[in-house]
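Report on one structure; see the data block that follows.
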Amino acid sequence: MRPTLFAALAAALLATSAAAQEVTLRAVSSFAEKTLFSRNFERFIDRVNETGKGVVKINYIGGPRAVPPFEVGNAVRTKVVDMANVTGAFYTNLMPEADGFKLISKPMSAQRNDGTWAFINQLHNQKLNAQYLARQYHNVPFHIYLTKKIDKLNFSGLKIRVTPVYRDIVQALGGTTVTTPPGEVYTALERGVVEGYGWPILGIFDLGWEKVTKFRIDPAFYSVEVNVLVNLDVWKGLNDRQRKVLNDAALWLEALDGENVALIKAERERQAKAGIGTIDFGPAESAKFLKQANDVAWASVITRAPENGPKLRQLAGN
Ligand code: 173
């Protein structure tokens, strides 16, 4: 065989075996494509596809048009998708403990060192058949937004759009709750089906909600958690190199939380410029509200998850 032909054949063989080694994972987000809570996951995908060339590749199917938000956890569990960007609030039906993740606001570097990540990973392994690859937005809080002014912290007579994140505190303050995925918030507000909604400090401009929002209640409360999950069978089927690409990118993704402080500052200014007023009942009422928000949420988690709830609370330290 001529040396050049041999070299060409050898190169072709190598290329084939490299291709056979590359695994493609199908991923979805529970938030709309290119909106705030999908954006860093989309950056993570780009990073994996760059650093994992020939090893692991992510095929991004998209947002809620592919899988409805409240179905995403189950889609990972049953391997309808291999990977997802999803908040625990959307899979509390499968894992009641997930409602407690909003009460854990330590940086992920601390959670990975003190056993919190390991415990939550174990919960995902058992209840969602998933690997808990990353958690994002630990330093981004939530608010209640309203279309009407209120003169005391009491929601009697108000209908408020919620997810499990806000359900207990809204009910404790006398409000009527209406659960919807994010994609239905605008219409519910526009039609007057609700007079307010829970949402993080970031992201209300993505879907045009500033047009139907008049007030934001301060203070902020809880801690956003949006997780990257991988189906556990898929995870176990990966080789060490493939898992390393994903783990390295996961740590990179968690470090993006450093950007959130500046984003939050800019977003508060942008909300004020858009004419969204703040409602603040002062330090004493705010402290009372924060304590109540914490207490009702833990009570609910512990009622629904009597074994793991207390352990989660101990790890949360609040
Ligand atoms: O309000 C919601 O839909 C919700 O629970 C949530 C959770 C994390 C990030 C953004 C929204």
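Values quoted throughout were computed directly from the atomic coordinates according to the rules given, and no laboratory measurement underlies them. The model shown is predicted, which means the values in this text are computed figures rather than measured ones. Positions of Cβ are backbone-derived with ideal geometry, glycine not excepted, and every protein chain shown enters the neighbour counts.
Table for the structure above
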item: In degrees, nearest ten, helix 282-304 long axis to first principal axis of the chain (Cα); result: 60
item: Links that overshoot a 24 Å alpha carbon limit, given the list K127/K236; K159/K265; K159/K211; K159/K214; K244/K311; result: K159/K265; K244/K311
item: Backbone HN-Hα couplings from phi across segment 75-92 [Karplus 6.51/-1.76/1.60, Hz, Gly and Pro as x]; result: 5, 6, 4, 9, 6, 5, 10, 8, 8, 8, 10, 8, 7, x, 4, 8, 10, 5
item: Taking the C-alpha atoms of segment 115-160, convex hull volume expressed per residue in Å³; result: 166
item: Degrees, to the nearest 10: 36-51 long Cα axis against longest axis of the chain; result: 10
item: Efficiency of FRET between A118 and A284 - r from beta-carbon atoms, R0 51 angstrom, step 0.05; result: 0.85
item: J(HN,Hα) series, segment 309-317, from Karplus relation 6.51 cos²θ - 1.76 cosθ + 1.60, nearest Hz, glycine and proline x; result: x, x, 5, 5, 5, 5, 5, 5, x
item: Kirkwood-based shape ratio for the chain, expressed as Rg/Rh from alpha carbons; result: 1.05
item: Magnitude of the charge dipole, the chain, Cβ model with Lys/Arg +1 and Asp/Glu -1, debye to 20; result: 180
item: Spin-label pair E184/A266, simplified geometry with 7 Å Cα→Cβ offset, distance in nm; result: 3.3
item: Rg(Cα) / (2.2 N^0.38 Å) computed for segment 199-318, rounded to two decimals; result: 1.42
item: Per DSSP, loop trypsin sites (Lys or Arg not before Pro) in segment 267-307 with at most 11 further Cβ within 10 Å; result: none
item: Relative packing of 308-314, 37-43, 220-226, which averages over residues the other C-beta atoms within 10 Å, highest first; result: 220-226, 37-43, 308-314
item: Rounded to 10°, Cα long-axis angle of helix 3-21 versus longest principal axis of the chain; result: 30
